[in-house]
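The structure appears right after this line, and notes come after that.
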Amino acid sequence: MLDRSEVLHVARLARLRLDDEEVDRMAGELSSILGHIAAIAALDLDDVPPTSHVVEVESALRADEPGPCLDRDVALAQAPAVQDGGFLVPSPQAG
């Protein structure tokens, strides 16, 4: 179990101001968390492969397949400025 001085040290590092009741409560809660971490650390996980998801994920993205495109004239119709068949944007020095 964490003692008051350890809780106050962690609170100071986190820039938290705790009253006496909060220090006592945090001592219990942090001790419980550290107990869970110790239980996990004690497990033999040598034969367990690393995972990034708890369930199998086939592919989160759709296949990248070409499709019909918007006509260039339609795309440029509402542009404020066009040059050489493309959008004209201000140069960075034009600020």
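Taken together, the values in this text are just the output of simple stated rules run on the coordinates, not laboratory data. Everything numeric here is computed off the predicted structure, so don't read it as measured data. All Cβ positions, even for glycine, are placed from backbone atoms using ideal geometry, and neighbour counts span all protein chains on display.
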Dipole of the chain, positive end: most advanced residue of ALA81, ALA14, ALA63 [Cβ charges, Cα centre]: ALA81
Relative contact order of the chain, pairs being alpha-carbon contacts under 8 Å that are 6 or more residues apart, as %: 17
Nearest-ten-degree value, helix 20-41 long axis tilted from longest Cα axis of the chain: 80
Cα-projected label distance for ASP84 with ARG12, points at 7 Å along beta-carbon direction, nm: 6.4
Full-extension gain in nm, ALA75 to SER5, via 0.36 nm per residue minus C-alpha separation: 18.6 nm
Candidates ARG62, ARG25, ARG72: whichever shows maximal mean-square fluctuation once the chain is modelled as a Gaussian network with Cα springs under 10 Å: ARG72
Label selected from (1) 15.7, 54; (2) 29.4, 72; (3) 35.3, 113, the criterion being Rg and Dmax of the Cα atoms in Å as computed here: (2)
FRET E, pair ILE37, GLU58, Förster distance 41 Å, beta-carbon r, rounded to 0.05: 0.80
Cα-centre dipole for the chain with unit charges at Cβ (Lys and Arg positive, Asp and Glu negative), debye to 20: 560
Residue among ALA42, ALA11, ALA75 with the largest mean-square fluctuation in a Gaussian network model of the chain, springs linking Cα atoms under 10 Å: ALA75
